[in-house]
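Heads up, the thing below is written out as C-alpha cells.
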C-alpha cells in the first residue's frame, strides 16, 4: 500500500520539525510549504491525501487558501490549524467544509487522531460496525425464535432497519448478505405470527392500533391539542421515513414516533379507506355501499376518502373546521404549496400525497425508474431525493411558520418482490400481485396466508364463495400462462397487498414546530 501523503502549510514550518518526524516515523509522507501560494503550486504537481493548513499566514490567508484548494480539489480533506479561538473564524472555516479544526499549540497525538478520523474513518467505522452487527446478529437470531407479541415484532423490525442502514454505509457486502438472509427469516416467522394472531387483533383489547382505529386512537387526541396538518404519504415504508427524517427535522422536532399495523390486504383501497372511515372494509361495504368498490368493480377505489372522513368526524362528535387535499401530480403539489396559507384557520388539514405509490408502481412500467430503484438502498435514496425537491417539503416549511402540529404517516408499506408463486383463478380473480380474491383459487398453501371466510377478517366478498390469499415474505403471484415473461417483468419491483414486516409495520410520527 502506498504511503499517505500530507501537505502541511505553515509560515513557521521549521518549528514543526518534531511533529513531522513523528508522522514520518508513523509511515506518513509529509510535504511542507511556507505559504498559501506555495501550497497551491504544490497541489498542481503532487497528489496528496490531506492538507494541514495554518489559518494565519502572510500573503494569501489560510481561509483564502482553503477556498482555492476546495475549488481545485473539492474532495480533498483540509484540517485548519489556528491560534485564534474566534467564533467567526471557526464558523467561516466550517462553512467552507473543512475536515477538522485544531487550536495551536497542537500535539502529535492530536494530529494523529485527526488523520485517523479523516483518512481511516471508513475502515474504522466498517470494522466497528461489522463487529457490532456480528454480536447483534446472534441476539436477533435468538429473539426471532422467541418473539411472541406485536410489540416485540415492532422492536425487532426496527432493529433490522437500523442495521440495514448501518451496513449500507460500509464496504462489507458479505455482512449485508447475512442481514438480507436474516430479514427473510424474520418475514417467514412474521408470516406465521400474523396467521396465528391477526383475527384476534380485531376483538382484543390489547391488540395493536390498526388502519381502522388509527384516527380515533392516535389522530383525534392530537387534533384536540392544537391545529394539525396530517400528511398521509401513500406507500411509505419505515426505512423511507428514516431516509428523509433529517429534512423534516430542520423545521420540526419529533415528539413521538410510533408504529401501527396496516390491515390486510396492505393495499390502498382497503388500508387508506379504513383510516379515513374508521371502519373495516366489511363495515364500509355494509354502511356505505355507494362509496365502497370491490376489486373487480369498475372505477376508482379511493374516490370518497373525504366523505368517509366527514362521516367519521361526525361519529366521533368532533366540531372541527377541516379540509382534505389529495395530491397525485407535481402540478397539484405546487398549487397547494402556493395557496397553503389559506389553511391557517383550519383545526385539521389533511393531505394525501400519492408520489411514493406512483413511484413504486411506475417502476414496473418505466425502465428508468427500474434502474434507479433496483434495490432498497436505491429506493430509499430516490425517496430522499424526491422529498428534498418536492412541494411537500415546501408545504411542511409553511406549516412550521404557521405553528401547525405535524403528523406524518402512511397507509401501508411495500416490498421488493423476488420469487414467483403460481396461482390459478377464474377471470373474476383480482389482479394484484401480492393478494388475490376470487372463487376456486389454486395456489401453494405454504406461500400464503389464506382466508376461506373473508368476513372473519372483516373483508367483503365479491361473491358467496370468494376467498382471499395473501403472499408472504417477498413472493409475488404469477399465472401459469406466459409465466416466464410475467416473472421477469415483475421480479425486483415494489409491490404491496401481502404479509411482510415492510408492508404491515408502518410509521406514525407526531412533530412540533421548531
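Quick note: the coordinates plus some simple rules give every number you see, no bench work behind them. Given the structure is predicted, the values throughout are model-derived calculations rather than measurements. Counting neighbours? That spans all protein chains shown, and the Cβs are built from the backbone with ideal geometry, glycine included.
Give the distance, in whole Å, between the Cα centre of region 149-210 and the Cα centre of region 416-471. Centre-to-centre distance over Cα atoms comes out at 23 Å. Note on residue 258 and residue 491: the model spin-label points, each 7 Å out from Cα along the C-beta direction, lie 4.2 nm apart. One entry in [x] 1.04; [y] 1.11; [z] 1.07 is Rg/Rh (Cα atoms, Kirkwood Rh) calculated from the shown coordinates; its label is [z]. Neighbour counts of other Cβ atoms within 10 Å put 73, 417, 209 in the fewest-to-most order 73, 209, 417. At 20 °C and 1.002 mPa s, what whole-number value in µm²/s does Stokes-Einstein give for the translational diffusion of region 5-119, with Rh from the Kirkwood sum over Cα pairs? Roughly 154 µm²/s, to the nearest whole number. Here the residues 80, 57, ranked from fewest to most Cβ neighbours within 10 Å of their Cβ, fall in the order 57, 80. In the chain, the longest principal axis of the Cα atoms and the axis of helix 121-144 are about 30 degrees apart. Extending 7 Å from Cα along the Cβ direction at residue 402 and again at residue 298 yields two label points whose distance is 3.9 nm.
Apply the a/c threshold of 1.5 to the C-alpha gyration tensor of region 376-420 and tell me whether it is rounded, prolate or oblate. Oblate. Computed FRET efficiency, Cβ-Cβ of residue 453 and residue 42, R0 60 Å: what is it to the nearest 0.05? Plugging the Cβ-Cβ distance into 1/(1 + (r/R0)^6) gives 0.15.
Helix 268-277 axis versus longest C-alpha principal axis of the chain: approximately 80°, rounded to the nearest ten.
Summed over qualifying helices (DSSP H, 4 residues or more, each -39500 (n - 2.57)) and divided by its residue number, the chain shows a 222 nm mean residue ellipticity of -13500 deg cm²/dmol.
Among 286, 159, rank each residue by its count of other Cβ atoms within 10 Å, from fewest to most, as a rough exposure measure.
286, 159
With each label modelled as a point 7 angstrom along the Cα→C-beta vector, the residue 177-residue 70 pair spans 4.1 nm. Let me make sure I get this right: for region 101-240, a, b and c are the square roots of the gyration tensor eigenvalues over alpha carbons, sorted descending. Under 1.5 in a/c it's rounded, otherwise prolate if a/b > b/c, else oblate. Which is it? Judged from the Cα gyration tensor, region 101-240 comes out oblate (a/c at least 1.5, b/c at or above a/b). Using a cutoff of 8 angstrom between alpha carbon atoms and counting only pairs six or more residues apart, the relative contact order for the chain works out to 16 percent. With R₀ fixed at 22 Å, the C-beta to C-beta distance from residue 113 to residue 29 puts the FRET efficiency at about 0.70. Looking at the chain, the DSSP beta bridges with both ends there are about 40 percent antiparallel.
In terms of its C-alpha gyration tensor, region 403-491 comes out oblate, because a/c is 1.5 or above while a/b does not outweigh b/c. FRET efficiency for the residue 446 to residue 374 pair, using the beta carbon distance and R₀ = 35 Å, is estimated at 0.80. Against the chain, whose longest principal axis is taken from its Cα atoms, helix 305-315 shows a tilt of about 70°.
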